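One structure is given below, encoded as structure tokens.
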Amino acid sequence: MEYVQGQIGRVFQVTLEEGEEVYPSLEGLATREGIRSAAVFCVGGMRRGKLVTGPRDPHGELEPIYREFDDAREVFGFGTLFWDEEQPRIHLHVGVGRGDETFVGCARGGGSVYLIQEVTIIELTGLDARRVEDPATGLKLLRLVGAVR
């Protein structure tokens with residue numbers, strides 16, 4: 001385990017509307033507003049999405065299982081926002097449901113809003129954290145600069 005300590009900065013309340021793409025919208029806001037680190041909460045609807053619901057083999061090569069939908073679902077989620085070497089990157093996990101069917105996953109495959117999605121972004125200041133590509137997985141993982149172990 002490692003950790004860093006920071007403070008809460010600005011708070012943004014965002015409403016995304018029908019058809020808006022979640023990741024580009026929020027990452028664009030982070031760029032415009034200079035948000036370098038944040039916690040992200042969302043609730044509302046997603047019309048379309050592509051979630052990673054786990055690895056095919058938890059002991060082998062990292063091959064994701066994708067679950068797609070295009071039928072409007074309820075959604076809630078939590079994630080983080082940190083920059084890589086070029087731009088902000090969101091890591092968002094969501095629970096989605098429609099009728100009796102529900103599932104949870106990482107929304108890195110993207111998605112668009114159904115009706116409305118309410119998003120709260122809580123900026124984190126006073127810490128140095130960034131997403132760095134991990135050679136073993138190819139994923140941009142969070143690295144804490146100056147962390148305590």
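Rule-based calculations on the coordinates, nothing more; no lab input. Remember, predicted model here, so these are calculated numbers, not experimental data. Cβ atoms come from the backbone with ideal geometry, glycine included; neighbour counts cover every protein chain shown.
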key: residue 71-residue 50 pseudo-label distance in nm [points 7 Å out on the Cα-to-Cβ vector]   = 2.0 nm
task = Hand me the trypsin sites (Lys or Arg not before Pro) from region 1-77 located in a DSSP loop with no more than 16 other Cβ atoms within 10 Å, in residue order please.
result = 56
inquiry  = Roughly how far apart, in whole Å, are the Cα centres of region 1-47 and region 71-149?
reply    = 9 Å
message = Give me the dipole magnitude in Debye, nearest 20, for the chain about the Cα centre, with unit charges on the beta carbon: positive for Lys and Arg, negative for Asp and Glu.
response = 340 debye
query = Among 71, 84, 128, which one shows the biggest mean-square fluctuation in a GNM of the chain, springs joining Cα atoms closer than 10 Å?
reply = 71
request  = Counting helices only, and only those DSSP H runs with n ≥ 4, report the 222 nm mean residue ellipticity of the chain as the sum of -39,500 (n - 2.57) divided by its residues, in deg cm²/dmol to the nearest 500.
outcome  = -2500 deg cm²/dmol
ask   = Is the shape of region 52-124 best called rounded, prolate or oblate, per the rule: a/c under 1.5 gives rounded, else a/b larger than b/c gives prolate, else oblate, with a ≥ b ≥ c the square roots of the Cα gyration tensor eigenvalues?
value = oblate
task = Work out the charge dipole of the chain with +1 on the Cβ of Lys and Arg and -1 on the Cβ of Asp and Glu about the Cα centre, then indicate which of 147, 44, 14 is farthest towards its positive end.
result = 147
message = Suppose the chain between residue 87 and residue 134 were pulled fully straight at 0.36 nm per residue; how much longer would it get relative to their current alpha carbon spacing?
response = 15.2 nm
inquiry  = Using a 7 Å offset from Cα along Cα-Cβ at residue 14, what residues in region 111-128 end up with backbone N under 17 Å from the label point?
reply    = 111-125
